[in-house]
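Read the structure below first, then the notes.
The values are calculated or read from the model by the stated rules, or taken from the named source; none is laboratory data. Note that the structure is predicted; figures quoted are calculated from it, not measured. A quick note on method: Cβ atoms are made from the backbone with ideal geometry, for glycine too, and the neighbour counts reach across all protein chains shown.
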Amino acid sequence: MLHIKQFGFNDFQVNTYVVYDDTKECLIIDPGMYYENEKTEFEEFISTNELKPVLLLNTHAHIDHIIANKFVADLYHIKLAAHKECEDFLKQAKEYGLTFGIKLDEVKTIDIFIDENTPLRFGTSVLEVFYTPGHADGSLCFYAKEAGFVLTGDVLFYQSIGRTDLPTGNYDLLQESIWSKLFTLPDETTVYSGHGPETAINYEKLHNPFVAIGKDFL
């Protein structure tokens, strides 16, 4: 059985996730902890639940989602997996972070390149990977078929979608990613986004003003 824990970290309130199963092996997704109290909260959750981190993942490489890559990778001696197109964002992360008052002493490089159809195996579980550009090149979503949820990063939110006015953003491409990859999932699939509350695929099909397809097409 899969379990998921959501945290809201840093001034951007990015959602950091821990996904784990009954073996206690876990994946850490988009580590956004920046302040010491956030790091402490995160470490205590891992320790209290006796979890064993085995892999670090980025849905994409915007600064708010990668702030604690180095911290987490070093603390738990695990590798970072992300799409190859995230590399350019990571190379610019130090300079870009300073524009928001975020100081990064070192930026973790990608250890494992993943793409669509790269299964993410841990414990007795597996997540599927979807390539979903439009918000940023290198954007990935992680789908837990049996558990019925998908982690969408900044691709799809509750009644919203990711910004497309940042470098490599493309509104038409983002719509296509959502329609072809996410809206083909079962209606009851829970959506865990990079910011804000959880939602569901069917709800967004009907009510999301940016990508809704309406009940006449369901």
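A few notes on this one:
- Residue count for region 181-213, restricted to those that are of a type in the set (S, T, N, Q) and within 18 Å of THR164 (Cα to Cα): 2
- Selection within region 52-77 - among the aliphatic types (A, V, I, L, M), buried (at least 18 other Cβ atoms within 10 Å of the Cβ) and without any contact (Cβ under 8 Å) to a residue 60 or more places away in the chain: LEU56, ILE63, ILE66, ILE67, ALA68, VAL72, ALA73
- Filter result (within 22 Å of PHE7 (Cβ to Cβ) and surrounded by fewer than 18 Cβ atoms within 10 Å (Cβ to Cβ)) within region 174-194: THR190
- Extreme residue, farthest from HIS65 (Cα to Cα), among residues of region 159-218 that are modelled with pLDDT under 95 and assigned to a helix (DSSP H, G or I): ASP216
- Whichever residue in region 23-50 is surrounded by fewer than 22 Cβ atoms within 10 Å (Cβ to Cβ) and of a type in the set (A, V, I, L, M) and, among such residues, is farthest from LYS5 (Cα to Cα): MET33
- Taken together, TYR158, TYR171 contain a single residue that is surrounded by fewer than 17 Cβ atoms within 10 Å (Cβ to Cβ), touching a Ser or Thr at 6+ places or on another chain (Cβ under 6 Å), under 30 Å from TYR35 (Cβ atoms) and not hydrophobic (A, V, I, L, M, F, W, C), which is TYR158.
- Residue check: GLY138 meets all listed conditions (1) in contact with a strand residue (DSSP E or B) (Cβ under 6 Å, 6 or more places away or on another chain); (2) surrounded by 16 or more Cβ atoms within 10 Å (Cβ to Cβ); (3) not in a strand (DSSP E or B) but one, namely (1).
- Matching option when the condition is basic (Lys, Arg) and touching a Lys or Arg at 6+ places or on another chain (Cβ under 9 Å), among LYS84, LYS94, LYS79, LYS5: LYS94
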